Amino acid sequence: MMIKTVKTVEFKDKRVIMRVDFNVPMKDGVVQDDTRIAAAIPTIKYIIAHGAKTLTLMSHLGDPAKDAEKAKAKAEKDGKTFDYDKYIKGKHRMAPVAAHLQKKLGKAAVVVFAGEDGCFGKKAFIDSQKPGTVIMLENTRFHKEETAKDAKDLDKLAKSLAEYGDIFVNDAFGTAHRDQASTASIAKFVPVSVAGLLMEKEVNYLEPVVTNPVKPLVAIIGGAKVSSKIAVLESLLKNASALVIGGGMAFTFLKAQGKKIGKSLVEDDQIDTAKKILEAAKKCGAEIVLPVDHVCADKFDAASKPVAVASVNISDKLMGMDVGPKTLAKYKEVISKAKTIVWNGPVGVFEYDAFAKGTGEVAKLVAEATSRGVITIVGGGDSVAAVNKFGLASKMSHVSTGGGASLELLEGKKLPGIEVTRGREYFIAGNWKMHKTRAESAELAKALVKSLKGGKHKYLAAPSFTSIETVGAILKGSNILLGAQNCSTDEQGAHTGEVSVLQLKDLGVDVIILGHSERRHVYKEDDALINKKMKLALAHGFEVILCVGETLDEREKGKAEAICKRQTEKGLEGISAADLAKVTIAYEPVWAIGTGKTATPDDAQAIHKFIRGLIAKLYGAEAARMIVIQYGGSVKAENAAQLMAMEDIDGALVGGASLKAETFTPIAKFS
Ligand code: 13P
């Protein structure tokens, strides 16, 4: 599911609460490195420029309680006095960060600091600010609830932070792997949650590395410890053509291969893991590139004299500190074949100049690859520090602002701060009703496979029963699901003229449309019968589209909501929350179907919102946020984008206009 970004919402006159990662290094109340503040500026400017009433920023800054405890212990050990207030003021108070932000924003916006007495009860203060003001809240970690383990505690702070905004924006990629009050829980209490521009950029670069990289993918993974990189190695193996393993962790792999590593860094308890990864790479057909020569030292010290070791084996008196020239030549060859490069962790002790050459060369090779059009991504604190040291950060496609967050994303994990910004997927379905011979269906299916290729949404084609097999064969391997327009209430038996779920399964059907208005009104299906079919279809693993909607008479009598309520509630009776995840609801006002009369976007939105509210009551807020609600009834190319722009309209169930590729494609590819 795609993340929703600031570009998809209307900010005019809205109050916005945004999580940023202003966890910057501080000394005596002065910001030491403002990279993270600078990274949030585009989103701040975007929101202000789009007319937000207020923009309230929240961030953590260090960890006041833990940091103070450590500093106090150190002071005691050194025989010094410890002044808690002074220490906290110099390192954890947000006021100097707010002042720094004001300098960076200049005339673009006025920044005010909300005060040192925490984040609670600031609503009146925020609401009294002039339009367009940026408000910085005090460090969120002064509240113990921010990092609480218990959801109730998290929710307590989240709820009070949610009072500052109609819209929650998360731009704090560096903290996205934390499931905390201001990074994730808050999303439960605001109507809309979206990602900021920095978050969008991070996700757009990092996520495809795991899900769908431009291949060949070469991963360069370094750093000291295998143990901290196992998950990322395993995850990248699935797509990488080559895995370059460097840095201290390489020696554990070399030892696993029976090589001599001298006094080099090694994790003996990870030798078996290293063997397993080497084995897995063989199976995946990924080449593992380990050092074949080294630059060594007799001890781990900046002043140690570098000793070139031309072979892979290292004598007992030496330790590997950097890679040698033969290894670098190999790197060059491997990197030259890549279309995507992801780099996490240095290949040598680059902090010491005498052993920085290997990491510097890697930075240069990756930078050169960028200029050839290769997608290059650098993540993780140390490799970012390395590209900065060599002045090559601007020569990479993307340098991540997140250490732990970028690593976890590359491990294929779901990050709480990102998940809350995911939007529902648009789902565009064609209901071909009782039209078309097999040959005609085949022709349409073939045209759709071509025209919807690369389309961004979820698609469905639901032909007549007689054409399902033909169409299914054509849709196989495409991005279009196969649908059926109905099913029987029973698995099999004496049901003349009916079609069973078992038969539909046999044909490879993915989705069944149930309760369509033509079934309800022409074939007199009632709620109980539809509910029985729903349960049967879901039990057999199908996705279901449940259609609801009022007649013209019912609408004119003001009964639209009551009808939709009854049909939704009865249709879903006895259906579990887990099964609801496979249900799409289609609001199809009967008076709009096949009549050329479309509900206005506002009218449709009102009912969609009402239905979502019903789901919230039945299954809770999260289920309501996620359920897809399609609109159906004379959807055409001309009105599709307008309808789909409405907050609660997540797709379309199309009849007439789905019968030709020329009329369905523009709906399916609306923008
Ligand atoms: P039309 O798009 O032809 O109005 O049909 C809507 C419909 O009933 C889809 O199931």
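What follows is calculated from the coordinates using simple rules that are stated; it is not laboratory data. Note that this is a predicted model, so its numbers are computed, not measured. Cβ: placed from backbone, ideal geometry, glycine included. Neighbour counts: every protein chain shown.
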Review point. In square nanometres, what is the average projected area of the Cα convex hull of region 24-106?
Key: 6.1 nm²
Practice item. Give, in whole angstrom and from largest to smallest, the semi-axes √(5λ) of the equivalent ellipsoid of region 65-173, with λ running over the eigenvalues of the Cα gyration tensor. Key: 29, 20, 11
Exercise for review: Taking the chain as the reference, fit the longest principal axis to its C-alpha atoms, fit the long axis of helix 325-336 to the helix C-alpha atoms, and give the angle between the two in degrees, 0 to 90, nearest 10.
Suggested key: 20 degrees
Review point. Semi-axes of region 183-306's equivalent ellipsoid from the Cα gyration tensor, sqrt of 5 times each eigenvalue, largest first, rounded to whole Å?
Key: 35, 19, 14
Review point. Taking all pairs of different Cα atoms in region 471-514, averaging 1/r and flipping that mean, what Kirkwood radius in angstroms comes out?
Key: 11.2 Å
Check your understanding: How far is helix 95-105 tilted, in degrees, relative to the longest principal axis of the Cα atoms in the chain, given as a value from 0 to 90 rounded to the nearest 10?
Key -> 70 degrees
**Study point:** Value of Rg to Rh for region 1-139 (Rh from inverse mean 1/r over Cα pairs, i.e. Kirkwood)
**Key:** 1.04
Study note, to complete from the structure: The orientation-averaged projected area of the Cα convex hull of the chain, in nm², is 34.9 nm²
Exercise for review: Any chance you could run the full-extension gain for residue 638 through residue 112? It's 0.36 nm times the residue separation minus the Cα-Cα distance, nm to one decimal.
Suggested key: 184.8 nm
Point to revise | Computed Kirkwood radius, in angstrom, where 1/r is averaged over Cα pairs of region 321-463 | key: 18.9 Å
Exercise for review: Give me the compactness ratio for region 173-256, meaning the Cα radius of gyration over 2.2 N^0.38 Å.
Suggested key: 1.42
Check your understanding: Taking the Cα atoms of region 508-624, what is the range of coordinates along each of the three principal axes, in descending order and whole Å?
Key -> 37, 33, 23
Check your understanding: If you build the Cα gyration tensor of region 566-671 and take the root of 5 times each eigenvalue, what three semi-axes come out, in whole angstrom, biggest first?
Key -> 25, 13, 13
Check your understanding: Ratio of region 621-663's C-alpha Rg to 2.2 N^0.38 Å, to two decimals?
Key -> 1.29
Study note, to complete from the structure: At q = 0.14, 0.21, 0.27, 0.28 Å⁻¹, the log10 of I(q)/I(0) for region 1-71 from a Debye sum over equal Cα scatterers comes to -0.58, -0.95, -1.23, -1.28
Check your understanding: Relative contact order of the chain: what whole-number percent is it, with Cα pairs under 8 angstrom and at least 6 residues apart?
Key -> 10 percent
Practice item. Using only the Cα atoms, work out Rg/Rh for region 236-311, with Rh taken as the Kirkwood radius, to two decimals. Key: 1.02
Exercise for review: Report the label-to-label distance for residue 87 and residue 149 in nanometres (one decimal), using points 7 Å from each Cα along the Cα→Cβ vector.
Suggested key: 2.5 nm
Practice item. Report the full-extension gain for the segment residue 528 to residue 451: residue separation times 0.36 nm, less the Cα-Cα distance, to one decimal in nm. Key: 23.8 nm
Point to revise | Alpha carbon Rg of region 528-590, scaled by the compact-globule rule 2.2 N^0.38 Å | key: 1.17
Point to revise | region 58-115 - Rg and Dmax from Cα coordinates, angstrom | key: 14.9, 48
Review point. Per residue, what volume in Å³ does the convex hull of the Cα atoms of region 567-614 enclose?
Key: 85 Å³
Point to revise | Where the Cα pairs of region 257-398 fall when distances are cut into 5 Å bins, in % | key: 2, 10, 17, 19, 21, 17, 11, 4, 0
Review point. With axes computed from alpha carbons, what is the tilt in degrees of helix 35-49 against the longest principal axis of the chain, rounded to the nearest 10 within 0 to 90?
Key: 30 degrees
**Study point:** Projected area averaged over orientations for region 45-89, convex hull of C-alpha atoms, nm²
**Key:** 4.5 nm²
Review point. With respect to the cross-link table entries 276/476; 66/122; 122/188; 86/414, which display a Cα-Cα separation exceeding 30 Å?
Key: 276/476; 86/414
Revision key, fill the gap. Per-residue ellipticity at 222 nm attributable to helices in the chain (runs of n ≥ 4 DSSP H, -39500 (n - 2.57) apiece, nearest 500 deg cm²/dmol) works out to -11500 deg cm²/dmol
Review point. How big is D, in µm² s⁻¹, for region 162-202 by Stokes-Einstein at 10 °C and 1.306 mPa s if Rh is the Kirkwood radius over C-alpha pairs?
Key: 153 µm²/s
Study note, to complete from the structure: So, with points 7 Å from each Cα along the Cβ direction, the residue 438-residue 562 label distance in nm works out to 4.9 nm
Point to revise | Subset of 299/330; 458/582; 159/582; 456/660; 330/395 violating a 18 Å alpha-carbon distance limit | key: 299/330; 159/582; 456/660; 330/395
Check your understanding: Roughly speaking, what is the stretch gain from residue 494 to residue 645, that is 0.36 nm per residue apart minus the C-alpha to C-alpha distance, in nm to one decimal?
Key -> 49.7 nm
Exercise for review: Just need the Rg to Rh number for region 302-363, please, alpha carbons only, Kirkwood Rh.
Suggested key: 1.00
Revision key, fill the gap. The summed charge of the residue 143 Cβ neighbourhood (under 11 Å; Lys/Arg +1, Asp/Glu -1) stands at -1
**Study point:** Those aspartates and glutamates that a straight Cα-Cα span of less than 20 Å connects to residue 130, excepting residues fewer than 8 apart in one chain
**Key:** 10, 13, 138, 163, 166
Check your understanding: So how far apart, in nm, are the two label points at residue 609 and residue 301 if each is 7 Å from Cα heading toward Cβ?
Key -> 7.2 nm
Check your understanding: How about residue 337: which aspartates and glutamates have a C-alpha closer than 15 Å to its C-alpha, ignoring those fewer than 8 places off in the same chain?
Key -> 287, 368
